[in-house]
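**Q** One structure coming up, written as C-alpha cells, with questions to follow.
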Amino acid sequence: MSRILHLSVVHGPDDPRIHERECRTLVDAGHQVAYMAPGAESGVDAHGVLHLPLPARPRAHRALHAPAILAAVRRLRPAVVHVHDPELLALFPALRPLVPRLVYDMHEYVPQQVAAKHYIPAPVRPAASRTVAVGQRTLAALADGVVTVTAAQLEALGRRPMLRTTLPNYPRFARFADPRPRPDLADERLKLVYVGSLSKGRGCGVMLDVMAQVVDRAVLYLGGTFADPRWGREVEARVAGELAGAVRLLGRVPPADVPGVLAAAEVVWVPAQQTSQYALPTVATKLYEGLAVGLAALVSDLPGRSELVREERCGLTVPPTVEGHLRGVQRLTMDHEAVAPMGERGRRAVRERYSWEVVEGRLVDFYAELTRGVASP
C-alpha cells in the first residue's frame, strides 16, 4: 500500500469530502494517509488519518504555504500528493521531481467560480476567468490522475491526465443514520433549513425575501458563513429587524453538528440561482445530506437538483425566483402531511443509491491503478 498526502490551503481539517470521505476510505483500503490543511492539530485521529497543520493565512498570502508544503513532502516522501485546490496546481512543477504520482481533485467549475468572486473587480472577472481556465488546463496536464465531482467538469481539461474518476459529493450515510435533533430548534411552524455558503448566488437573498412573507407559517434555520462581509451585515440587519423570529442565524455549523441541525427541520431548502456556475450539472451535497436525515426538499429547478427530486418524489422543484420559492413554501405549509412521506422517500434513495458507501469503491480502484508499479514506503 502507498503513502498518500492530501493537501489543501482552502479547506479545513474537517472538510467532509477530503477527510471524512476520501482520506478515511483510503485508510480503510490499507493506505497510509496524511492530510495537511490550515487549522489542523498535529497527530493521528481516530480514523487513522495523520493530520499536519498549516498556519491560517489570508487568501492573498496562500502562496506563502509553499515552503512548508515542500518541506513536508521531502520529509514524508509520499508516493502520491493529492491536491484539492486550483491554487496548488502552481506547485506541480516543483513537486513533479519529488513525488511519483500527482492527483488534482476538482471540487468546482473553477473558471465559472472565479467569474463570480465578489473580491475580484467586476470589469476584470471575465479575463481572470479565462486566465484561470488556461492555467488549470496547462498545469493539470502535469498530474497523473484527476478526480472530479461531475463528469461535466472534465470538459475543462485537455487529454491529460488520462486516468480519471468521478466521485459525486454524496454523504457518508452512516454519519446521518441516527441523528439527534438539536433541541433548541423546536418549533410548531414548518421548519426549513439551509446550511452552506450564505451568498446571493446560493439563494440567501431569495430565502429572506420569501420568509418575509410567511413569518407566521414557517421558520428558517440558516447555518453558514458570509464570504462577502458587506452582504453578511445586510443579512444580519434584516434578521434582527423584519425577520426576527422567522429566521435563526446559526453561524458556521461544524460538520459534526450538521446532522443534528438538519434533523431538527422538516425541509432542506436549496434555492440556488441560475448563475454561470450553478446552472451547470452539479451534486448539491447539502441536498443529499438533508435527504439522508429524512427531510423533504425544496429546490430550484436547476441541473443536479431538480432531476433527483422529481425522480424520487422527495420534494418540490420550483423556478429559481422569489415567486417560485414562495409558492413552494406555501404549498408545503398547506399540505404539511405530505412532507414526512417525501422525506422518507428521499432518505431511502440516498441510502440505496446516492451515498458515499455506494461510490467509494471508485476511489479505491482509481488508487490501485494510479499506484501500480510505485514502490511502497
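The values are calculated or read from the model by the stated rules, or taken from the named source; none is laboratory data. Please read these numbers as outputs of a predicted model, since none were measured by experiment. All Cβ positions, glycine included, derive from the backbone under ideal geometry; neighbour counts span all protein chains shown. Ligands, DNA and RNA are excluded from the accessible area calculation, which covers all protein heavy atoms including side chains. Shrake-Rupley method; radii C 1.70, N 1.55, O 1.52, S 1.80 Å.
**Q** In the range 8-52, what residues are of a type in the set (Asp, Glu), more than 18 Å from Val364 (Cβ to Cβ) and open to solvent by less than 30 Å² (accessible area, probe 1.4 Å)?
**A** Scanning the range 8-52 gives a single hit, Asp15.
**Q** Could you tell me whether the range 201-211 includes any residue that is open to solvent by 30 Å² or more (accessible area, probe 1.4 Å) and either on the phi > 0 side of the Ramachandran plot or modelled with pLDDT of 95 or more (or both)?
**A** Yes: the range 201-211 contains one or more residues that are open to solvent by 30 Å² or more (accessible area, probe 1.4 Å) and either on the phi > 0 side of the Ramachandran plot or modelled with pLDDT of 95 or more (or both).
**Q** Conditions first: (1) within 22 Å of Thr333 (Cα to Cα); (2) in contact with a Pro (Cβ under 9 Å, 6 or more places away or on another chain). Arg172 passes all but one, so which condition is the exception?
**A** Result: Arg172 passes all but (1).
**Q** From the list Val299, Val309, which residue is touching a Lys or Arg at 6+ places or on another chain (Cβ under 9 Å) and buried (at least 20 other Cβ atoms within 10 Å of the Cβ)?
**A** None of the other options fit; the residue is Val299.
**Q** Anything in the range 212-225 that is surrounded by 15 or more Cβ atoms within 10 Å (Cβ to Cβ) and farther than 21 Å from Gly290 by Cβ? List them, or say none.
**A** Across the range 212-225, the qualifying residues are Ala212, Val215.
**Q** Considering only residues that are buried (at least 21 other Cβ atoms within 10 Å of the Cβ) and touching a Lys or Arg at 6+ places or on another chain (Cβ under 6 Å), which ones fall in the range 314-362?
**A** Cys314, Trp356
**Q** Quick one: what pairs do we get from the range 169-189, first residue in a loop (DSSP other than H, G, I, E, B), second aromatic (Phe, Trp, Tyr), C-beta under 6 Å, 6+ apart or different chains?
**A** Tyr170/Tyr288; Tyr170/Tyr354; Tyr170/Trp356; Pro171/Tyr288; Arg172/Trp356
**Q** A further question follows. Out of all the residues in the range 322-366, which are within 22 Å of the chain's Cα centre (by Cα) and under 30 Å from Leu142 (Cβ atoms)?
**A** Hits for the range 322-366 are Trp356, Val359, Glu360, Gly361, Arg362, Leu363, Val364, Phe366.
**Q** Taking the options Leu76, Leu88, name whichever one is of a type outside the set (Ser, Thr, Tyr), under 25 Å from the mean Cα position of the chain (by Cα), closer than 14 Å to Tyr35 by Cβ and open to solvent by less than 80 Å² (accessible area, probe 1.4 Å).
**A** Leu88
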